[in-house]
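The values are calculated or read from the model by the stated rules, or taken from the named source; none is laboratory data. Bear in mind the structure is a predicted one, so any value in this text is a computation, not a measurement. Quick reminder, even Gly has a Cβ in these numbers, built from the backbone with ideal geometry, and neighbours come from all protein chains shown. Surface areas here come from the heavy atoms of the whole protein model, side chains and all, with no ligands, DNA or RNA. Shrake-Rupley method; radii C 1.70, N 1.55, O 1.52, S 1.80 Å.
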Amino acid sequence: MFTAFYLRSFKLNFFHISDLHFNPDDKRGCENIDKVLHSINIYKNKGDVLLISGDILNKDYSDYKPIFEKIMALDLPFLCCTGNHDVSKNLISALKNFYPQHPHPISSEKLDYVSNDYDLKIITLDSFKENVPGGDISCQQLFFLEKELYLSQKLVIVMIHQFPLDAKLTFFDKTTAAPWRNAFCQIITKYQDKIKLVVCGHLHNSVISHIGETPIISSFSANWQADFDFSPLANLQNISRPIGYYIHSYNAQNIISYAVTL
């Protein structure tokens, strides 16, 4: 158990969850999501913000209100990005209606935004593209990212849904390889002295790597974990591995990441 004294000795503590794939008809998935949110609730007085790195809804469901009500019951500020199962305009509209204190996007088409409310600046990119699991990031979005990094007086966390590297997982590497990843990684490497962490999801597993010298962490899914398909599988397997989330703590120099499994 983390002690209040220990975590509160850090300048910033943020929770990181991903891939909720909420659908009220999915009983097991709802139970897993509730389990994750209950665990976060235990630690919430030691945290500052919740980051949700996409796929809040499953693709066969479109109402954000029920899951937002569950998240808002934590009474903890949250920031989110669009996953490939979300739809940009729907998520933007839902945030405006149900959680208007969320940072506003810089356009009505994409949930790209900046939060300067914390000791670290948080830059979020919207990679949604309909029926494209790997998503897309336009040249204008990459310009926005680079401009914000160049101008930033703070150190930065970048949030995006897809893991922008090959993970050596057959299904995800095959379906999410996308041209934007190289340009994105070049910008992250260029500004690696300013970026403390890239947070993402999509892989339905905890996977950790680096872009240049910048660490990147894909969080567990809050719903279900995927098999490590290091060799090709006919179909992606949903396996019985623990669900979980991360607590990232910033001490004005380093980020320490705690994996919480349930």
Practice task
Just need the relative contact order of region 126-206 here, percent rounded to a whole number, with Cα pairs under 8 Å and 6+ apart.
Solution key: 41
Practice task
For the chain, give the share of DSSP beta bridges that are antiparallel, in percent and rounded to the nearest 5; count only bridges with both residues there.
Solution key: 50
Problem - Gyration tensor (alpha-carbon) shape descriptor, region 147-215, a/c threshold 1.5 - result: prolate
Problem - Whole-number accessible area per residue in Å² for region 65-202, which is evaluated in the context of all protein chains at 1.4 Å - result: 45
Exercise for the section: Percent of Cα-Cα pairs per 10 Å bin, from 0 to the last occupied bin, for region 112-262, please list those. Expected result: 10, 40, 35, 13, 1
Handout entry: Carbon plus sulfur fraction of accessible area for region 94-155, probe 1.4 Å, in percent
Key = 52
Problem - Charge dipole (the chain, unit charges on Cβ, about Cα centre) - positive-most of Ser62, Phe220, Gly47 - result: Gly47
Exercise for the section: Once you've got the Cα coordinates, tell me which of Lys27/Lys174; Lys35/Lys121; Lys27/Lys129; Lys46/Lys129 are over 32 Å apart. Expected result: Lys46/Lys129
Handout entry: In Hz, Karplus ³J(HN,Hα) per residue of region 179-189 (6.51, -1.76, 1.60; θ = phi - 60°; x = Gly, Pro)
Key = x, 5, 4, 5, 5, 4, 5, 5, 5, 4, 5
Completion exercise
Semi-axes (Å, rounded, descending) of the ellipsoid equivalent to the chain per its C-alpha gyration tensor are 23, 23, 20
Exercise for the section: With the cut-off at 22 Å, report for region 106-194 the share of all Cα pairs above it, as a whole percent. Expected result: 28
Exercise for the section: For the chain, calculate the relative contact order in percent as a whole number, restricting contacts to Cα pairs under 8 Å that are 6 or more residues apart. Expected result: 21
